[in-house]
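One structure is given below, encoded as structure tokens.
The values are calculated or read from the model by the stated rules, or taken from the named source; none is laboratory data. Quick caveat: nothing in here was measured; it's all calculated off a predicted structure. Glycine gets a Cβ as well: all are built from the backbone with ideal geometry, and neighbour counts include every protein chain shown. We work out accessible area using only protein heavy atoms, side chains counted, and drop any ligands, DNA or RNA first. Shrake-Rupley method; radii C 1.70, N 1.55, O 1.52, S 1.80 Å.
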Amino acid sequence: MLDGGFDLIQLLRIGVDIALVWYVLYKLIMLIRGTKAIQLLKGIAVVLAVWLLSIVLDLQTVRWITSQAIDWGLIVVIILFQPELRRALEQLGRGNIFGRSARSEEEIIEKNIDAIIQSCNYMAKRRIGALITIERETGIGDYAETGIPINGKLTHQLLTNIFTPNTPLHDGAVILKGDEIIAAACYLPLSESPFISKELGTRHRAAMGISEVTDALTIVVSEETGDISCTKNGELHRELSQESLRDLLHKNLSLSLKAPEKKSKKGRANKNG
């Protein structure tokens, strides 16, 4: 009985130990997802693979070079990952590295939606063209790197000011992540879908293009008509009212706080633009 109890306790301890390690690793991966750190991690994995291969094949010179890289790897990682490590420590200090409460997340989402709605309405009334891409589950850091880094708090004043005509950042897409404006003047892939109406321009094709390769939500304000459109998962929703846009944002930006949607409830695609 004692041996059995001891073995059970040991198994539970090992299970909890492994679960905690995997949970921390998962949160760290989520923290750096969509950033340059992911590419750096891939590079580290390649160095480790080459090191193991050099041991198996007895490649002494290659093994010495990769061993030096591994020996100094900790310092290199600290230097290269400095922004991510600083952000992780800041979140740890605020006590939210392992997630915020549902209430605080709802408040942040509501503020983000209000800022986006106010900005889109202002620009629509004045026929100011805009292209706003909101990151969801799929990282879109590669597209953010094509633009100018902003890394500023999302407000409707800042968002509107970026798209003001004849300013350096007005042309291209703005990429949002959480409650931050990550970058502006970004290039998005253009859709080659034959279902897009010929009357739609480059902004709508870019919005469709990013929606076809990621799960990002993209809002388009037409400078010709002032209409507001939105794309997601290869679907184009046109001529959205303020209420419709708010409902669409609530539905798609709050998925982490709700049960997953059933396919039967998926909205109809507007493929003809």
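Select, from 140, 162, 148, the only residue that is more than 20 Å from residue 240 (Cα to Cα), open to solvent by less than 20 Å² (accessible area, probe 1.4 Å), in the same structural domain as residue 233 (by the TED database) and free of Cβ contacts under 8 Å to residues at least 60 places away in the same chain.
Details: 140 fails: free of Cβ contacts under 8 Å to residues at least 60 places away in the same chain; 148 fails: open to solvent by less than 20 Å² (accessible area, probe 1.4 Å).
Just a single option satisfies the conditions, and that option is 162.
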Original post:
Only one residue in 160, 138, 146, 133 is at pLDDT below 90 and either closer than 19 Å to residue 227 by Cα or in a loop (DSSP other than H, G, I, E, B) (or both). Which one?
Top reply: 138
**OP:** Could you list all residues from the range 61-76 that are surrounded by 10 or more Cβ atoms within 10 Å (Cβ to Cβ) and not charged (D, E, K, R)?
**Re:** 62, 64, 65, 66, 67, 68, 69, 70, 72, 73, 76
Original post:
Is it the case that some residue within the range 203-219 is open to solvent by less than 20 Å² (accessible area, probe 1.4 Å), in contact with a helix residue (DSSP H, G or I) (Cβ under 9 Å, 6 or more places away or on another chain) and in a loop (DSSP other than H, G, I, E, B)?
Top reply: yes
Original post:
Among the residues of the range 206-258, which ones are at positive phi and either among the small types (Gly, Ala, Ser) or modelled with pLDDT of 90 or more (or both)?
Top reply: 226, 234
Subject >> Where a residue in the range 165-194 is without any contact (Cβ under 8 Å) to a residue 40 or more places away in the chain and assigned to a strand (DSSP E or B) and its partner, wherever it lies, is open to solvent by 40 Å² or more (accessible area, probe 1.4 Å) and basic (Lys, Arg), with Cβ under 7 Å and at least six apart >> reply: 180/153
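Residues in the range 113-121: is at least one modelled with pLDDT of 80 or more and either open to solvent by 60 Å² or more (accessible area, probe 1.4 Å) or of a type in the set (Phe, Trp, Tyr) (or both)?
Residues of the range 113-121 that are modelled with pLDDT of 80 or more, as a first pass: 113-121.
In the following step, the residues that additionally are either open to solvent by 60 Å² or more (accessible area, probe 1.4 Å) or of a type in the set (Phe, Trp, Tyr) (or both) were identified as 118.
The answer is yes; a qualifying residue exists.
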**OP:** Can you give me the number of residues within the range 200-219 that are touching a strand residue (DSSP E or B) at 6+ places or on another chain (Cβ under 6 Å) and among the hydroxyl-bearing types (Ser, Thr, Tyr)?
**Re:** 2
